[in-house]
Amino acid sequence: MASPEDKVSAVFRLLENGSKQGYIGEDISQLEHALQAALQATQEAADNETVLAALLHDVGQFCPAKELRRMLVEDIGGGDLDVGAAGHEKLGAEYLRKVGFSDNVCDLVESHVVAKRYLTATDPEYYTGLSQASKLSLKFQGGPFTSDEAEAFERDPLFKQKVQLRKWDDASKVV
């Protein structure tokens, strides 16, 4: 089992790797995007777990496949694992669970795509404000929620934090 120091080092390496990768369809790097989201969370006095989730919400975008595969296989005893077409939010949340982050951090990371689906279903102006890249990715993420899906999402105990994290995500694309 990796030490806490090893786990922190692994996450820092991922963030550093994000500085070398563009943020899909945007003019900033993955790291710049992550830091902007965390700064917004900090400026709005979010709790530490929410700030961490803001920083790490897209970790599934730049976690090397080999590392992710190793982390996921390690805890289920080896074998052939196919992560399939799971979205980056699910991959990132699962990676963070394996590293040892709290359920709240992982739930928030995993929710930032569904929160976009919620907002596009409930706020007509929200969709208009999305970047072109975010509008395109919405199509692959299931599109806007149905009214039943939106109502169920509103009952989530972390509903407000999930929606706020999504808004920070959207606003964190400043060049």
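Side notes on the structure shown:
- Segment Lys90..Lys139, full-extension length gain: 15.9 nm, with 0.36 nm per residue of separation and the alpha-carbon distance subtracted.
- Placing a label point 7 Å from the Cα of Thr42 along the Cα-to-Cβ direction, the residues of the stretch 139-168 with a backbone N closer than 17 Å are 168.
- Hits among lysines - C-alpha to C-alpha of Lys7 under 20 Å, sequence gap 8 or more where chains match: Lys66, Lys90, Lys98
- Stokes-Einstein D for the stretch 93-156, Kirkwood Rh over Cα pairs, 25 °C, 0.890 mPa s (µm²/s): 193 µm²/s
- Per-atom-type breakdown for the stretch 93-175 gives carbon and sulfur 52% of the accessible area (1.4 Å probe, protein chains only).
The values are calculated or read from the model by the stated rules, or taken from the named source; none is laboratory data. Values in this document were obtained by computation on a predicted structure and should not be read as measured data. For neighbour counting, all protein chains shown are included, and Cβ atoms are generated from backbone atoms with ideal geometry for every residue, glycine included. Quick note on the areas: whole protein, heavy atoms, side chains included, nothing else; ligands and nucleic acids left out. Shrake-Rupley method; radii C 1.70, N 1.55, O 1.52, S 1.80 Å.
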